[in-house]
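As structure tokens, the structure follows; a few thoughts come after it.
The values are calculated or read from the model by the stated rules, or taken from the named source; none is laboratory data. Keep in mind the model is a prediction, meaning the values are calculated, not measured. FYI the Cβ positions are ideal-geometry reconstructions off the backbone, even for glycines, and counts take in every protein chain you see. Surface accessibility is based on the protein's heavy atoms, side chains included, excluding ligands, DNA and RNA. Shrake-Rupley method; radii C 1.70, N 1.55, O 1.52, S 1.80 Å.
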Amino acid sequence: MPVSYRVEGDVLRLVGEGQYELDELFHAVDAGLADPELPERPFMLSDLSASRAGPERSPADVRRAAHFFASRGGRYGGRIAVLAPQDLIYGLIRMTAAMSEVDGLTMEAFRTEAEAMDWLRSEPGEEEE
């Protein structure tokens, strides 16, 4: 399966591998958020380290993804860290993050998992000080 999820303590980790459609990503998010093992307000980490999706994403796809994640933000605190070591995917996530802010979602792209987890576990706004 190109997109899967794992519950890792207080983190819902989404894992995208290879090429996949946005609907596959959305299905994995909804399945993860419905998992009975998930704590009430989990952190969300999207791991795109093995993803090859991106070049085919249109601006409309980026907006659709931003709105989708924002619409579920109340379930996971409205903050999502995205692990995106590849330049193209990193840039696409930064565009998605900018569009997501309009909907009240805070999304940040990171090159390393340690940076992503540090940001997730910080208090909102703390990283800007």
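Over the chain, what is the relative contact order in whole percent, taking alpha-carbon pairs under 8 Å and six or more residues apart? Spell out each step's value before the answer.
Values: 226 pairs, mean separation 28.1, N = 129.
Result for the chain is 22 percent.
With just the Cα atoms defining each centre, how far is region 19-64 from region 93-112? Give it in Å.
13
With charges only on Cβ, +1 for K and R and -1 for D and E, what is the dipole size of the chain about its Cα centre, in debye, rounded to 20? Don't jump to the answer; show the numbers that get you there.
Details: 13 positive and 25 negative charges, 73 e Å.
Magnitude of the dipole: close to 340 debye.
Which of the following values of P(r) over Cα pairs in 5 Å bins from 0, in percent was calculated from the structure shown: (i) 2, 11, 22, 24, 21, 12, 5, 2, 0, 0; (ii) 2, 10, 19, 23, 19, 14, 8, 4, 1, 0; (iii) 2, 11, 22, 28, 23, 11, 3, 0?
After the calculation, the listed value that fits is (iii).
Ignoring ligands, DNA and RNA, what percent of the 1.4 Å accessible area of the chain is carbon and sulfur? Walk me through the numbers on the way to the answer.
Details: 3420 of 6610 Å².
The value for the chain is 52 percent carbon and sulfur by accessible area.
In square angstrom, what is the accessible area per residue of the chain with a 1.4 angstrom probe?
Working: 6610 Å² over 129 residues.
I get 51 Å² per residue for this part.
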